[in-house]
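These notes concern the structure reproduced below.
The values are calculated or read from the model by the stated rules, or taken from the named source; none is laboratory data. These numbers come from a predicted model, not from an experiment. As a convention, Cβ positions derive from the backbone with ideal geometry for all residues, glycine included, and neighbour counts pool all protein chains shown.
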Amino acid sequence: MRQLDHFIVGGASAPAARTHKIWNPSTGEVQAEVPLGDAALLDRAVAAAKKVQPEWAATNPQRRARVMFEFKRLVEANKQELAELLASEHGKVVDDAHGDVQRGLEVIEYACGIPQALKGEYSQGAGPGIDVYSMRQPLGIGAGITPFNFPAMIPMWMFGMAIAVGNAFILKPSERDPSVPIRLAELFVEAGAPEGLLQVVHGDKEMVDAILDHEDIAAVSFVGSSDIAHYVYKRGVAAGKRVQAMGGAKNHGIVMPDADLDQVVGDLAGAAFGSAGERCMALPVVVPVGEDTAERLREKLIPAINALRIGVSTDPDAHYGPVVTPEHKARIEQWIDTAEQEGAEVVIDGRGFTLQGHEKGFFVGPTLLDRVTTDMESYREEIFGPVLQIVRADDFEHALRLPSEHQYGNGVAIFTRNGHAAREFAHRVNVGMVGINVPIPVPVSYHSFGGWKRSGFGDTDQYGQEGLKFWTKAKKVTQRWPDGGGDGSNAFVIPTMG
Ligand code: NAD
């Protein structure tokens, strides 16, 4: 069995008092063990980060960008190995794991353009003989706490931006699939980054609390479930840090009567069941508008869902693989029980599914629930599994209210051929990211990613301009260079530019 270690300068000094097991979800076997660190270990990582960060911040942006370029090259060269490692711990199929790496790399590509993105603002002659300029400076040491479901992409969203602008970074990845984050950190050093600039500490709540309380960590970016996101936000802010904390989701797909249903069914199958539904931008709720649309959609969905192939993560023909842990499999099946007890119709039942030859794997069959209503707990809460719920809406206004009034507001999609309806929906819906005939509207790396309501605490999004803003602070300089003749100004009266 592989024993993982923290990736910090000097390595772990002593064997860990506590460890966490890492499954292979396809076989149901434990394949590795990761140490769970504590505040003392974090202190060592922070000390190393403090040593290296000032010099990195003083390195000109073009040289910093060269490290990002080389890192991009190395990740591309090692992509297959990374995708296979990722799939073996997470359970998603290898093709999908490639996407996980690729979407993170796209943020690294953005970070390669950091000299351009970091240019400041300048106003010449803002007053008599006075110029004003502003610049963005790094915060010092940033930390990232990431979820299990995108172990390559989300760490790269965070450290790609944080480090390119001049910070040192400490990553606390999910203890369920930490091997890819460690490999990324190794490749980062190979790319020419000084030791200590990117470190990886493992752990659970104890390590998260140590990060949130550490006085030398200036900012924390968190992605995970909403209750923990809220907790992280409150505790980090109370400790005087800058915090952004992205939470859970329950994304709706609105299907208007004029939508191309064949396209919708194809999109829904991938967006609801891809990665076994373990995506924060999955589409686990479909909202057909009108009874006729609901019936037509249901008729097409059933055969499409029954045709899905579930397989081990290395099966090239599988649409999706196992879920991440046995506990998560049990929780998803419990949610299906709850939905049934609440009165939902179980049209396709994925409970008790086993894959021949891999009976110990954590597989859940695709599940379709119809006649789901807003008073059901199974509708209000996130299931995070291969379960698609149909909530029937009477009309457009009703469909618009459903995602708008839901506690989560990460993503939403509308499927229609009517530009007016789509435009109206995009303007009025109370959700952070909207797709128009696009089932998974994750914005590209030069825009920014973030949900609303309980899907996002804090006021800045991930990556793009928003990420740049989060990981830097603005300095504003007002200058004058008097020529010695006196310009009559005095500071007894608050200076104006009048
Ligand atoms: P999680 O909340 O269990 O874990 C996230 C991180 O928090 C991990 O690093 C974990 O070690 C840490 N953690 C766990 N328990 C903790 C505690 N009690 N106190 C402090 N820290 C703790 O989330 P997960 O199961 O790894 O990931 C799935 C969740 O993440 C889903 O809710 C999903 O919607 C969400 N997610 C959201 C986004 C987004 O951008 N909004 C993206 C991906 C995933």
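Return the pair list, or none, for Cβ contacts closer than 7 Å from residues in the stretch 39-55 that are in a helix (DSSP H, G or I) to residues that are among the hydroxyl-bearing types (Ser, Thr, Tyr), at least 6 apart or on different chains.
If the second residue must be among the hydroxyl-bearing types (Ser, Thr, Tyr), no pairs are left.
How about the stretch 69-91: which of its residues are part of a helix (DSSP H, G or I) and crowded, with 23+ Cβ neighbours inside 10 Å? Let's see the steps before the verdict.
Going through the stretch 69-91, the residues part of a helix (DSSP H, G or I) turn out to be 69-77, 79-90.
Within the stretch 69-91, Phe71, Leu82, Ala83, Leu86, Ala87, Ser88, Glu89, His90 meet the criteria.
Out of the stretch 10-36, which residues are touching a residue at least 60 places away in the same chain (Cβ under 8 Å), of a type in the set (Gly, Ala, Ser) and touching a Leu at 6+ places or on another chain (Cβ under 9 Å)?
Ser26, Ala32 - these are the residues of the stretch 10-36 that are touching a residue at least 60 places away in the same chain (Cβ under 8 Å), of a type in the set (Gly, Ala, Ser) and touching a Leu at 6+ places or on another chain (Cβ under 9 Å).
Looking at the stretch 186-229, which of its residues are more than 10 Å from the ligand (Cβ to nearest atom) and farther than 25 Å from Thr460 by Cβ? So that I can check it myself, show each step before the final result.
Filtering the stretch 186-229 for residues more than 10 Å from the ligand (Cβ to nearest atom) gives 186-201, 210, 213-221.
Glu186, Leu187, Val189, Glu190, Ala191, Gly192, Pro194, Glu195, Gly196, listed by residue number.
Only one of these conditions is not met by Ile145: (1) under 13 Å from the mean Cα position of the chain (by Cα); (2) over 30 Å from Leu42 (Cα atoms). Which number is it?
Of (1) under 13 Å from the mean Cα position of the chain (by Cα); (2) over 30 Å from Leu42 (Cα atoms), only one is false for Ile145: (2).
Output the number of residues of the stretch 378-399 satisfying the condition of being in contact (Cβ under 8 Å) with a residue 24 or more places away in the chain, away from the ligand (no atom under 15 Å from the Cβ) and charged (D, E, K, R).
Matching residues across the stretch 378-399 total 3.
Quick one: in the stretch 290-334, which of the residues that are free of Cβ contacts under 8 Å to residues at least 24 places away in the same chain and over 23 Å from Tyr379 (Cα atoms) is nearest to the ligand (Cβ to nearest atom)?
Checked the stretch 290-334; the qualifying residue nearest to the ligand (Cβ to nearest atom) is Arg309.
Would you point out the residue of the stretch 400-429, among those that are of a type in the set (S, T, N, Q), more than 16 Å from the ligand (Cβ to nearest atom) and surrounded by fewer than 21 Cβ atoms within 10 Å (Cβ to Cβ), that is farthest from the chain's Cα centre (by Cα)? Show your work before the answer.
Within the stretch 400-429, the first condition is being of a type in the set (S, T, N, Q), and the residues that meet it are 404, 407, 410, 416, 418.
Filter once more, so that each one left must be more than 16 Å from the ligand (Cβ to nearest atom): 404, 416, 418.
Of the ones still in play, those that are also surrounded by fewer than 21 Cβ atoms within 10 Å (Cβ to Cβ) are 404, 418.
Numbers: Ser404: 21, Asn418: 31 Å.
Among those that are of a type in the set (S, T, N, Q), more than 16 Å from the ligand (Cβ to nearest atom) and surrounded by fewer than 21 Cβ atoms within 10 Å (Cβ to Cβ), it is Asn418.
How many of the residues making up the stretch 445-483 are of a type in the set (Gly, Ala, Ser), more than 24 Å from Gly104 (Cα to Cα) and surrounded by 14 or more Cβ atoms within 10 Å (Cβ to Cβ)?
In the first step, residues of the stretch 445-483 are kept if they are of a type in the set (Gly, Ala, Ser); the result is 445, 448, 450-451, 455-456, 458, 464, 467, 474.
After this cut, where a residue has to be more than 24 Å from Gly104 (Cα to Cα) as well, the list is 474.
Imposing the further condition that a residue be surrounded by 14 or more Cβ atoms within 10 Å (Cβ to Cβ) reduces the set to none.
Here the count works out to 0.
Out of Gly240, Gly253, Gly270, I need the residue that is more than 25 Å from Leu388 (Cα to Cα) and either more than 15 Å from the ligand (Cβ to nearest atom) or at pLDDT below 95 (or both). Which one? Break it down into steps so the answer makes sense when it comes.
On the way: Gly253 fails: more than 25 Å from Leu388 (Cα to Cα); Gly270 fails: more than 25 Å from Leu388 (Cα to Cα).
When all the criteria are applied, what remains is Gly240.
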